[in-house]
Structures are given as structure tokens and as C-alpha cells.
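The values are calculated or read from the model by the stated rules, or taken from the named source; none is laboratory data. From a predicted model like this one, the values you see are computed outputs, not experimental measurements. Please note: Cβ atoms are built from the backbone with ideal geometry, for glycine as well, and neighbour counts cover all protein chains shown. Note: accessible area is taken over every heavy atom of the protein model, side chains too, but ligands, DNA and RNA are not part of it. Shrake-Rupley method; radii C 1.70, N 1.55, O 1.52, S 1.80 Å.
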Amino acid sequence: MSSKNLALPFVRHITIRGYAQAAPAVRKDAKLQTSVLPNKTFVAAVDNGSPVTRVTIAFKAGSRYEPQTELGLAHVLRSAAGLTTKNASAFMISRKLSQIGASFNASGDREFIYYTLEASQENLQEALVYLNNIVSNQEFRPWELSDNVSRLKFDILSLSPQVRAVDLLHKAAFRRGLGNSLFIAPKKIGKISSESLQHFASTTLTPGRCAVSIVGGSQDTAALVAQALQLPAGGDAQSNASTYFGGELRKEMGGDLAHVALAVPGAPAGSPQSLALAVAAKALGNGPVTKWGADNTPLAKAIGNIGPFAAAGFNVSYSDSGLFGIVLSVPKDEANAALKAASKLLKNPNLSGDAIKAGKNQLKLQVLSEAESGVSLSESLAVQGLYTGSAKSAVDIAKDIDQLSSNDVSQVLASVIKNKVSMGAAGNLAFVPYVDEL
């Protein structure tokens, strides 16, 4: 019996510092505008007539850019968003945003950090002043970083075991770079100095590594936001291309369930192969589509009726690589049989035309649904700009999905499944086979 627990996105885990909430609204005739400023900052805008405007400022400052001697910097950086800067105190930022009904959050993944503001049209200009203060001229005062330790501990303690399994999978697959954890190690909490954080920020939060996107506002407004940022023009953090090694990492946590992520190397973001693998991930399985309903996907059928379980295909793409695979949560006693069945399917997917068609439809629904959320759309536009230097609307991406044939998907699958399988596992691993036993 399958569960829909894994149908929601969990690979890209968000760490949020929030102050308020705002309501969404959309208009259908909105057009996407993009450009690159002389300082190499990418800007994009969709003026959809919404009474609420979302602004995202994104940087290439994810965990892959951390030096190996200072792992955890990216987690501390996004957690410190909203602390005192040279121009505004943490109290003033929080109080003013609250008074005008605005919302701010900072989130991140292995490639990027996102600073996202939501504000009503009439209060946008005032809210942008504080967004600029949050992003520009951060000071990272030691006593405020000390006060922030409890938040970092909460972030670690609140991680789901599925997220831990995927995080371990990246470490096993890439070791360094993309293998760097999204989260600071518990033993490192409180040991990242203000100087180290300031240096990391000064080398990653720079104009050439920045994208500004706005949903519910004009291209001119987006450009003005980018030009108003007071960012250092100094050094530029470097990250070597991540090499896929393959391997496994396991974290014994006890409990009644085993949570396992299996994957082979995927494709870079923005490539046709990445889109094909995203379709294949949906085609493999994404849980039942009705509450308490049966799961008739190839993945659920391969695992069989072994008791309650949750299983989903997944695909993540980065600037130079990616991962394509399966995530499984299963009772510990059933882990051996379930994992071997899932591994067999991953190594020989042999997806039918109907399964691929269903995968295309599900991916299109996800893309179009996420575009209805102003925050998701704003962050997506910024990500596209940092990856490819351009951006596509959700409708255009849906058209690209439509143009993929079953043969396209099958060919890409055939090329990636030849590679070595990596595994990350967390939970009760007493009956979880090792990767070389699959």
C-alpha cells in the first residue's frame, strides 16, 4: 500500500526566516521580460497585475561554494538574513516590515541563496528599502550570530529523514562541491566566525553572481532594485566542476522505518536531457493521485504489496550535473525486498508510452501550478537567469514538455542508467542492503 508522503517536493529543502504573510493574485495576459545589466546582473519581470508584488534577489552562494575548511557557511548565511546591517538594525527591519504588512524569507539550495520579499503595491517602495538593507552591507555581528545558534539547532533537529537521505546521497555521489551538505554539522554550530561569514558573503554576494526577478511589477522596477543594491565588486568565489564518483552513506537513526535515496548521474539544468529526466521521474511514480487511492505507477507496481510505503522518482539538476533516481520510505522489515525491487526498476526502467505520457502531464501540471504561486515563479525566474542567462515562462516550458517524444525520454534514460548507482540512507537500516548488494 502506497502513501503520498513523498509526492511533495522535498529534495530542495527550504530554510526560511519569515516575518509575515501575504495573499496571492494573478492575471493571465502577463508577459515575461528579461535583460542583463552592464554589471552582469540578470533581471526579469512579469507584470501580472497582482496587488501583491514578489521580488527575489538570488545569488550563486549555495553550499557548493563553501571551502572545505568552513562547511556550513551557506546555512549560517541564509539563517542570518534579517540581522543587523550597516544601515538598519534587526529590530527595525522586523518592525517596519510588520507595520507595512510585508513578508520576507531567505532560502537556499546547493547552488543559490534566495532573498524574497512579498509586499502590497502601495507599500512596495518602502519594503524595497528594507530588502536592500537586508541584502546589502550585512555585518554579521558576533553577538547576533551567537543568539542565532538556537535557530540553527532547530533547523537541524527538524530535518525529515527523507531530506537526510537525499543529503547523504549527494555527499556519496559527489563528495565535495555538490556533495557539500545543505546544513551545518551540529559540531560546527557556533564555530563559524563573523570574519569567515563576511568573507564568504563578500565573494559570493556580488553583482556578477546576482539575479533579480519581480512578479507583479515592471522590468524597470526590477532594474532599479538591482541597481540600488550596494554589493561588493571584489573577489569571486570559485567552485570546481563536480565529479560524479558514486558510493553510499548511511545514518542509523532507529525507528520503524528506513528511508533510502538511490540515484545515477543526471543532466545539467537547462538541457533537453534534464527535462526528459524530469518527465521520467514523474513517469516512474509520484504516489497516488487520490487520497487513500491505489498507486498504479511503475514504481509502486515493482515494489508490490509489502505493506505501507512511500516511493517517488526524482530528478535534480545543477549547473554542471544532476541526479536521477528514487526515494523510498518503507517499514524496516520490508526494506530489503522493497529496495532491491526499486533498484531493479532504476537500472532497467523500460517505461511504457502510457507511463511517459502520464509523466509529461504530471510535470506540466506541476510547472503550471507552481507558476500560480508568485514566490515560486519569482524564484524560478531568478534560477533560470543564473543557470542560462535567460528565462522561459511556464507556458513555454509546458510546450517544451509537449514536444518531448517517448523515444526522447527512453534514449536519455538508456544513457544515464549505465552509470554507477549511489545511495543515501537514514532511519532503521538493519535490513537495508548495501549498494553493492543491489
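Pick from Phe200, Phe174: which is open to solvent by less than 50 Å² (accessible area, probe 1.4 Å), in the same structural domain as Ser63 (by the TED database), among the aromatic types (Phe, Trp, Tyr) and touching an Asp or Glu at 6+ places or on another chain (Cβ under 9 Å)? Step through it out loud before you land on a result.
On the way: Phe174 fails: touching an Asp or Glu at 6+ places or on another chain (Cβ under 9 Å).
Step by step, each of Phe200, Phe174 is checked, and only Phe200 is open to solvent by less than 50 Å² (accessible area, probe 1.4 Å), in the same structural domain as Ser63 (by the TED database), among the aromatic types (Phe, Trp, Tyr) and touching an Asp or Glu at 6+ places or on another chain (Cβ under 9 Å).
Please tell me if Leu299 is assigned to a helix (DSSP H, G or I), open to solvent by less than 60 Å² (accessible area, probe 1.4 Å) and under 27 Å from Gly255 (Cα atoms).
On the way: assigned to a helix (DSSP H, G or I): yes; open to solvent by less than 60 Å² (accessible area, probe 1.4 Å): yes; under 27 Å from Gly255 (Cα atoms): yes.
Answer is yes for this residue.
Show the residue pairs meeting these rules: Cβ distance below 7 Å; 6+ apart or different chains; first residue within region 170-191 and touching a residue at least 40 places away in the same chain (Cβ under 8 Å); second residue aromatic (Phe, Trp, Tyr) and open to solvent by 10 Å² or more (accessible area, probe 1.4 Å).
Here the result reads Ala173/Tyr244; Ala173/Phe245; Phe174/Tyr244; Phe174/Phe245; Arg175/Phe245; Leu178/Tyr318, each pair linking region 170-191 to a residue that is aromatic (Phe, Trp, Tyr) and open to solvent by 10 Å² or more (accessible area, probe 1.4 Å).
Which residue is nearest to the chain's Cα centre (by Cα), if the candidates are limited to region 302-341 and must be outside any strand (DSSP E or B), of a type in the set (Gly, Ala, Ser) and within 26 Å of Ser405 (Cβ to Cβ)?
Of all residues in region 302-341, those outside any strand (DSSP E or B) come to 302-308, 318-321, 332-341.
If we keep only those that are of a type in the set (Gly, Ala, Ser) too, we end up with 302, 304, 307, 319, 321, 335, 337-338, 341.
Narrowing further to those that are within 26 Å of Ser405 (Cβ to Cβ): 302, 321.
Working: Ala302: 28, Ser321: 14 Å.
Among those residues, the one meeting the criterion is Ser321.
Criterion first (assigned to a helix (DSSP H, G or I) and either within 24 Å of Val383 (Cα to Cα) or under 17 Å from the mean Cα position of the chain (by Cα) (or both)) does Leu231 satisfy it? It would help to see each step written out before you state the result.
Details: assigned to a helix (DSSP H, G or I): no; either within 24 Å of Val383 (Cα to Cα) or under 17 Å from the mean Cα position of the chain (by Cα) (or both): yes.
Considered against the rule, which asks whether it is assigned to a helix (DSSP H, G or I) and either within 24 Å of Val383 (Cα to Cα) or under 17 Å from the mean Cα position of the chain (by Cα) (or both), Leu231 comes out as no.
Which residues, counting only those in region 267-288, are open to solvent by less than 20 Å² (accessible area, probe 1.4 Å) and assigned to a loop (DSSP other than H, G, I, E, B)?
Result: Ala267, Gly285, Gly287, Pro288.
Residue check, Leu346 against (1) modelled with pLDDT of 90 or more; (2) in contact with a helix residue (DSSP H, G or I) (Cβ under 6 Å, 6 or more places away or on another chain), all met but one. Which one?
So the condition that Leu346 fails would be (2).
I need the full set of residues from region 84-103 which are under 19 Å from Leu152 (Cβ atoms) and crowded, with 21+ Cβ neighbours inside 10 Å, in order please.
Of region 84-103, the ones under 19 Å from Leu152 (Cβ atoms) are 84, 90, 94.
Correct list: empty.
Taking Glu70 as the residue in question, decide whether it is in contact with a Leu (Cβ under 7 Å, 6 or more places away or on another chain), at pLDDT 90 or above, of a type outside the set (S, T, N, Q) and surrounded by 16 or more Cβ atoms within 10 Å (Cβ to Cβ).
Values: in contact with a Leu (Cβ under 7 Å, 6 or more places away or on another chain): no; at pLDDT 90 or above: yes; of a type outside the set (S, T, N, Q): yes; surrounded by 16 or more Cβ atoms within 10 Å (Cβ to Cβ): yes.
No.
Can you name the number of the only condition in (1) under 30 Å from Ala258 (Cβ atoms); (2) in contact with a helix residue (DSSP H, G or I) (Cβ under 9 Å, 6 or more places away or on another chain); (3) assigned to a helix (DSSP H, G or I); (4) among the aliphatic types (A, V, I, L, M) that Ile184 fails?
So Ile184 meets the others, but not (3).
Would a scan of region 76-87 turn up a residue that is among the charged types (D, E, K, R), at pLDDT 90 or above and touching a Pro at 6+ places or on another chain (Cβ under 8 Å)?
No, the conditions are met nowhere in region 76-87.
May I ask you to list the residues in region 406-438 that are in contact with a Gly (Cβ under 6 Å, 6 or more places away or on another chain), in a loop (DSSP other than H, G, I, E, B) and farther than 23 Å from Asn180 by Cβ? Outline the logic, then answer.
Going through region 406-438, the residues in contact with a Gly (Cβ under 6 Å, 6 or more places away or on another chain) turn out to be 406, 420, 422, 427-428.
Still in the running and in a loop (DSSP other than H, G, I, E, B): 420, 428.
Correct list: Asn428 only.
Based on this model, can you work out whether Val225 counts as in a helix (DSSP H, G or I) and surrounded by 15 or more Cβ atoms within 10 Å (Cβ to Cβ)? Reasoning before the result, please.
Values: in a helix (DSSP H, G or I): yes; surrounded by 15 or more Cβ atoms within 10 Å (Cβ to Cβ): yes.
Yes, satisfied.
For the condition more than 24 Å from Tyr318 (Cβ to Cβ) and either open to solvent by 10 Å² or more (accessible area, probe 1.4 Å) or touching a Gly at 6+ places or on another chain (Cβ under 7 Å) (or both), what is the one hit in Gln162, Gln219?
Details: Gln162 fails: more than 24 Å from Tyr318 (Cβ to Cβ).
None of the others qualify; the one that does is Gln219.
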